[in-house]
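Quick notes on the structure that follows.
Readers should treat all values here as calculations from the given coordinates under stated rules, not as data from a laboratory. Worth saying up front: this structure is predicted, and the values here are computed from it rather than measured. Glycine gets a Cβ as well: all are built from the backbone with ideal geometry, and neighbour counts include every protein chain shown.
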Protein chains: 2
Amino acid sequence: MLAKAHSYTVKGQQFRTPEQARELSLLLPRLFLQFFSGTSLILKDDAGIRAFLVGFHAADNDDEAYIHFVGVDPRLRGQGMARRLYAEFFRRAAMAGRTEIRAITSPRNAGSIAFHRAMGFAVEEGDREVGGVPVRSDYDGPGQDRVCFHLKIAE
Amino acid sequence: MLAKAHSYTVKGQQFRTPEQARELSLLLPRLFLQFFSGTSLILKDDAGIRAFLVGFHAADNDDEAYIHFVGVDPRLRGQGMARRLYAEFFRRAAMAGRTEIRAITSPRNAGSIAFHRAMGFAVEEGDREVGGVPVRSDYDGPGQDRVCFHLKIAE
């Protein structure tokens, strides 16, 4: 279960410029922690929060679950934290009767694209390709291109 | 009911700079239209979409509904469009058993603050005041101060 508001911070870490921190703030407004904590996850140890996943189940249908944002402490990269969070999100989604998982990422984020493919996600059709990956132009507004992932977790 | 993805655009209108358009894109990612259209609203006429409200019901509890974003065609400002959308959102929320409505705005947005007060919202306590209005500093991340509104629509 995601802890409440005090777990919300984007300070420090891998964000090099105020613009990046600001953009992250806008990607992850408090509302996701405030209203969808029941489908979000954190990994904690004695040092505090080490990784988290913010996701929710679609309100418009009973099938889809959506992973909006995953953060891992940079010191713990490459240790399978994101994989563990995704697997647990899938498990809980399946228990709640959800059969499909969706997620998106930026075409520039090669690590995220490789990660989602390794987790079994298919890349949805796009209107163009970037480095061989289908991309949907202006998906999230002008200039906001996205790669769209889709995974069936049950029939 | 909010129309699907083709209704998503922030082009033209009152956004004067690419930064403003970009920020709006980030405030209103497609996911809200994709997964919460059932609680969102549009006002259309022969000319197309004239105003819209994006909102949802909290997944973490059965009481709260949240208004995330409202847009009105600038040519139709001052004609009560936002008021109509809010009233319809309240009505539907109440029918679904929701008893509380929440919304937030920027401390700089005097028009929005006046509007929410006129609609009966109370401003929640803050850690400081701006022009006599309680503000929560860093509410949505560093530098992202917000005014928080709350309205009981039933006991």
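Using a 10 Å cut-off on Cβ to Cβ distances, tally the other chain neighbours for every residue of A:140-148 and report the average as a whole number. Intermediate values should be presented prior to the final figure.
Numbers: counts 8, 14, 9, 4, 7, 0, 2, 0, 1.
Partner Cβ neighbours, averaged per residue: 5.
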Practice prompt. Report, in whole Å, the centroid distance computed from the Cα atoms of region B:93-155 and region A:31-80.
Written response: 26
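Rounded, prolate or oblate: which fits region A:39-152 when a ≥ b ≥ c are the square roots of the eigenvalues of the alpha-carbon gyration tensor, with rounded for a/c under 1.5 and prolate only if a/b beats b/c?
Numbers: a/c = 1.97, a/b = 1.28, b/c = 1.55.
Oblate, since a/c reaches 1.5 and b/c is not below a/b.
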Worksheet item: What is the minimum Cβ-to-axis distance for chain B, in whole Å, where the axis maps B onto A, and to which residue does it belong?
Response: B:Leu26, 2
Discussion item. Tell me the mean residue ellipticity at 222 nm calculated for chain B from its helices only (DSSP H runs of n ≥ 4, each -39500 (n - 2.57), averaged over every residue, nearest 500).
Written reply: -7500 deg cm²/dmol
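Taking the Cα centre of the protein assembly as shown as the origin, how large is its charge dipole in debye, to the nearest 20, when only Lys and Arg (+1) and Asp and Glu (-1) carry charge on their Cβ atoms?
Values: 42 positive and 38 negative charges, 88 e Å.
For this selection, approximately 420 debye.
Give me the inter-chain shielding for A:30-37: mean count of other chain Cβ atoms within 10 Å, whole number please. Don't jump to the answer; show the numbers that get you there.
On the way: counts 8, 7, 0, 1, 6, 11, 4, 3.
Averaged over the peptide's residues, the number is 5.
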Fill in: Packing-based exposure ordering (other Cβ within 10 Å, fewest first) of B:Val147, B:Val72
B:Val72, B:Val147
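What percent do you get for the relative contact order of region B:31-122 when only Cα pairs under 8 Å and 6+ apart count? Mind showing how you got there, number by number?
Numbers: 116 pairs, mean separation 21.8, N = 92.
Normalised by residue count, the contact order of region B:31-122 is 24 percent.
In percent, how large is the relative contact order of chain B, given Cα pairs closer than 8 Å and 6 or more residues apart?
Details: 249 pairs, mean separation 25.9, N = 155.
Averaging sequence separation for qualifying contacts and normalising by length gives 17 percent for chain B.
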Worksheet item: What ranking do A:Ile104, B:Ile153, B:Ile42 get, fewest neighbouring Cβ atoms within 10 angstrom at the top?
Response: B:Ile153, B:Ile42, A:Ile104
Worksheet, complete the sentence: By Cβ neighbour count within 10 Å, fewest first, A:Glu155, A:Glu125 rank A:Glu155, A:Glu125
